[in-house]
1. Mean residue ellipticity at 222 nm from the helices of the chain, using -39,500 (n - 2.57) per DSSP H segment of n ≥ 4 over the full residue count, to the nearest 500 deg cm²/dmol?
2. What does DSSP give for segment 137-261 in terms of the percent of beta bridges that are antiparallel, rounded to the nearest 5?
3. State the dimensionless ratio Rg/Rh of the chain (Rg: radius of gyration of Cα atoms; Rh: Kirkwood radius).
4. Return P(r) of segment 76-154 (all Cα-Cα pairs; 5 Å bins starting at 0; whole %; ordered from short to long distances).
5. Please name whichever of Ala130, Met44, Gly71 sits farthest to the positive end of the charge dipole of the chain, dipole taken about the Cα centre and charges placed at Cβ: Lys and Arg +1, Asp and Glu -1.
6. Quote the relative contact order of the chain in percent (integer), defining contacts as alpha-carbon pairs under 8 Å separated by 6+ residues.
7. Name the long-range amide H neighbours of Leu116: under 5 Å, sequence gap of 5 or more, or other chain; modelled H, no Pro or chain starts.
8. How do Ser204, Ser24, Ser19 rank when sorted from fewest to most other Cβ atoms within 10 Å of their own Cβ?
Amino acid sequence: MSAALAQEAEPLIRLRNVSKTYRSGGRAFTAVSNVTMDVRDGDMVALVGPSGCGKTTVLKILAGLHEADGGTVQIGSQASAFTPGRDVGMVFQQALLLKWRTILHNVMLPADILGLPRKAAEARARDLLAMVGLKGFEDKYPYELSGGMQQRAAIARALLHDPKLILMDEPFGALDALTRERMNLEMRRIWRESGKTILFVTHSIQEAVFLGERCAVLTAGPARMAEYFDIDLPADRGLDIKTSDEFGRYVRRIYGLLGFA
Ligand SMILES: Nc1ncnc2c1ncn2[C@@H]1O[C@H](COP(=O)(O)OP(=O)(O)OP(=O)(O)O)[C@@H](O)[C@H]1O
Ligand SMILES: [Mg+2]
């Protein structure tokens, strides 16, 4: 294999037998046990599993907010170093916008934190707001936007500093069903247009199959990876795909892994 090919084949994230035990008040609780997975650069991976199975813990380890206490975590490569503060963008269940800042200035927040040049950051924030469909809302305040619009602003904010990796922790959980469907379509588009590597946590099996190019199914008690597989659906997905046989087969497979079938 040529050097270029070997480099291309190197994953952005390599987790090997990663474990995490929380210790508090003299008690130990293993939240994540022996998780092994590779994530390719530019991939879209859905992490799905029941409440408490360790999804947020995995994201926090990747974001550098928690340290694994077993196994190895490698992010980036020799060719491309990785700094969690600089190279990760996070989106949470709630948009967490600062209510005293305009939408534009909320999106520019990472530039202020990282001390990036403001003029370039503003231009990028405006472009990103247009990409997430919020052109014209730059000078509004968060309370003037719907929940879905606020969440789109949070996605733009996560992209501002051009991170290599976007971690999304159940970002659409608080949205109504129709807005959530729309956001799923938007996410596929944003992923394809931005070329970013995205890890997306969800409780919704349908959302995992619709969004993911790959799907990691985690189970609780013990917390472990049940399966990690490709979702072989067309890159250009419309909501109608949810009624297809292939889509249904993936959904049933995940139900089975989670003990529902
Ligand atoms: N800081 C902590 N200290 C002690 N235990 C913790 C801590 N954070 C999480 N846990 C425990 O670890 C387990 C996994 O938590 P985690 O938040 O990763 O689950 P999750 O899969 O994200 O759940 P949910 O879907 O409800 O968000 C849970 O049982 C939780 O109680
Ligand atoms: Mg969680």
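Each reported figure results from applying straightforward, stated rules to the coordinates on display, with no laboratory input. Because the structure is a prediction, the values reported are computed rather than measured. Every residue, glycine among them, receives a Cβ derived from its backbone with ideal geometry; neighbour counts consider all protein chains shown.
1. Rounded to the nearest 500, it is -10500 deg cm²/dmol.
2. 55 percent
3. That ratio equals 0.97.
4. 3, 15, 25, 24, 17, 9, 5, 3, 1, 0
5. Gly71
6. Computed value for the chain: 25 percent relative contact order.
7. Counting only residues 5 or more places away or on other chains, the set is empty.
8. By the 10 Å Cβ count, ascending: Ser24, Ser204, Ser19.
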